[in-house]
Each structure stands twice: as structure tokens, then as C-alpha cells.
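Reading through the C-alpha cells given below for one structure.
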């Protein structure tokens, strides 16, 4: 098994209190584990537990994610939470306050909409119930989470809020993103980070938007019939998958931001895992540095054959 830490660049987050909202699987789980690898105490939330599954109906649980955080070197604490239910998020905030008295890092990664959008289907053809549910899961959850958790984060200077999305501000401004509802959600989250930057800055806080590249999540690997160990076998049918990255990569990006004493220089910015890898010196699990968003523009969107040379 490949290591989860890169000791040459892993920051020291011992004593830091983090919360990853939506940490059951994918980027959220990868982020939580890498924060744990840096020594942080990490609250992980989501809807899937051993006794209950979300509409994804997948086996990954937040308890497993918390165990991985602890195994990596941190302290993982699983708190089942539906971020669409204000009372549950209020209770989550009250628990963190009672147990820690503060929050240093909030990663708002709630999504849950992978099966609700249809590629390239105009709004009048898209299922309306699915589209509105997507907006609730991808936008409303983020607003509810910020409302209840940010009072803990701004209690003292140095707090960091990371809004997780898909696509950089520059890429999304120039490109149609899959469908009406998907595009609205991902661009709304970018704007949320920009707005939060103005609201937390007077309290010494920093807010950024962050996107991974082509993520090898559990669902993506399953869709292509591969695992993290043999993911390159998918290149025969999906050649541009050569630029993909593991969830640990964006996790290391978050850990690097959390450990940066000068993180305020990024306030209000749209960031991506590839850019931060160059900035902070970390790598993906295989030692490479995938630069997905540059690859998309210069190779995929330009109609060139798949070739990650110079982009990993």
C-alpha cells in the first residue's frame, strides 16, 4: 500500500481543530485523512453510518473515515449529520464548542448530487425535482453549515474556511459545466468563498475556494471498473484519465493551506490542487504533481491526444 504521508512536506497541525463537512468518501475523506496525517483533530460528518445510508446507497461510512484519520496520526471524530437540517448542524456546532471551544479549519465539502444531474441536457429537459434537489444539496447545505460553524471559527484570528467545488473561477467563467443545475451549484460555491472572504477577514480569518482535478473517487474508480492500485488500466478506454489524481492530493493541498502561517495571502481566491502542489511542494501518492486544469485547457479542450507529459 502506498503511504498516506509525505514527510518532507507534511505540515505540523497538532493541536489544530478541523471539521470536514461531507467526509464520507471522495475528496472529503481524502482531506480528512491528510489533516489527520498532519496531526489534527478532525470532526468528520456525513449521512452514511453502519446503520443508515444516504441516497447514494454506498458502503463507505463516516466512522470508517474517522478511523482512517486516527490511523494516519490524528484524532478522528465521526458525527452523523445531515447538513440540510439546521437543527442537526446547530447540534454539531454546539458539540464542537463544548468539546474544543473553537474551530480552526472548516472544510465545506457537502455535495451528494452525483446522481442528480444529466450531462448536456438543457434546463427544460432536465428533471426538475433532481435539479432542485441538487441546488439544495450543493448550495443550501453550505449556507447552513457556514451559519452555524463560522461563529466558532471567527472566535480567534487565524481561522480558515475552504469551500470545495469543481472547477477554478477562470475555467468555469469560460466553460459550460455539464448542465444548468450543476453549473449553478459549482459557481455558487466559488462565489460563496469570495463573499466569506470579506466576512471573515475582519476577524483575522481566511476563506478560499478549492477544486481537485479529475478525482479518482470511489465512485469514479467503480464506474471505470478499476481500483486505486490499477487505475491506469482505464486509460485504454478513457485516455484523458491519465491526468487524474487521488483524493490524497487535494487532501495534502488542504493540509498545506492549514499549516501556512501566511495563508491570508490567498483570501478570496480560487485555488486548485495542482497549483498548490507547485506552491507548497507536496505530491500525489505516486510522487507526481497532476496539473489537471491546465491540462484540460491545453490538451483536452484543445482536441489534442491524451498525453500527461509535462502535466504530472
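Every number in this text was worked out from the coordinates using simple rules, so none of it is lab data. Keep in mind that what you see is a predicted model, and the values were worked out from it rather than measured. Every residue, glycine among them, receives a Cβ derived from its backbone with ideal geometry; neighbour counts consider all protein chains shown.
A few comments on the model shown:
- Given (1) surrounded by 15 or more Cβ atoms within 10 Å (Cβ to Cβ); (2) in contact (Cβ under 8 Å) with a residue 60 or more places away in the chain; (3) more than 27 Å from residue 37 (Cα to Cα), index of the condition residue 211 fails: (3)
- Scanning segment 286-301 for residues that are buried (at least 18 other Cβ atoms within 10 Å of the Cβ) and closer than 22 Å to residue 25 by Cβ turns up 290, 292.
- Qualifying residue in segment 149-161 (condition: in a loop (DSSP other than H, G, I, E, B), more than 16 Å from the chain's Cα centre (by Cα) and within 25 Å of residue 291 (Cα to Cα)): no
Residue by residue, here is whether (1) surrounded by fewer than 21 Cβ atoms within 10 Å (Cβ to Cβ); (2) over 24 Å from residue 200 (Cβ atoms) holds:
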| site | (1), (2) |
| --- | --- |
| 86 | yes, no |
| 97 | yes, no |
| 110 | no, no |
| 123 | yes, yes |
| 128 | yes, yes |
| 138 | no, no |
| 141 | no, no |
| 156 | yes, no |
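- Residue in segment 273-282 that is surrounded by fewer than 20 Cβ atoms within 10 Å (Cβ to Cβ), out of contact with any strand residue (DSSP E or B) (no Cβ under 8 Å at 6 or more places or on another chain) and without any contact (Cβ under 8 Å) to a residue 12 or more places away in the chain present: no
- Failed item, numbered, when residue 258 is tested on (1) under 16 Å from the mean Cα position of the chain (by Cα); (2) in contact (Cβ under 8 Å) with a residue 40 or more places away in the chain; (3) more than 14 Å from residue 209 (Cα to Cα): (3)
- Residue list for segment 214-250, restricted to those being under 19 Å from residue 189 (Cβ atoms) and surrounded by fewer than 24 Cβ atoms within 10 Å (Cβ to Cβ): 214, 215, 217
- Test: residue in segment 168-190 that is within 23 Å of residue 104 (Cα to Cα) and either under 17 Å from the mean Cα position of the chain (by Cα) or surrounded by fewer than 22 Cβ atoms within 10 Å (Cβ to Cβ) (or both): yes
- Per the listing 196, 150, 160, the residue uniquely in contact with a strand residue (DSSP E or B) (Cβ under 8 Å, 6 or more places away or on another chain), touching a residue at least 60 places away in the same chain (Cβ under 8 Å) and either buried (at least 22 other Cβ atoms within 10 Å of the Cβ) or over 22 Å from residue 245 (Cβ atoms) (or both) is 160.
- Test: residue in segment 180-192 that is closer than 18 Å to residue 18 by Cα, in contact with a helix residue (DSSP H, G or I) (Cβ under 7 Å, 6 or more places away or on another chain) and in contact (Cβ under 8 Å) with a residue 60 or more places away in the chain: no
- The condition (being at negative phi, out of contact with any helix residue (DSSP H, G or I) (no Cβ under 8 Å at 6 or more places or on another chain) and not in a helix (DSSP H, G or I)) is satisfied by just one residue among 223, 207, 261, 197: 261.
- Failed criterion for residue 268 (all others in (1) under 17 Å from the mean Cα position of the chain (by Cα); (2) over 19 Å from residue 38 (Cβ atoms); (3) free of Cβ contacts under 8 Å to residues at least 40 places away in the same chain; (4) not in a helix (DSSP H, G or I) hold): (3)
- Against the criterion of being touching a strand residue (DSSP E or B) at 6+ places or on another chain (Cβ under 7 Å), under 23 Å from residue 18 (Cα atoms) and either without any contact (Cβ under 8 Å) to a residue 12 or more places away in the chain or buried (at least 23 other Cβ atoms within 10 Å of the Cβ) (or both), residue 253 qualifies.
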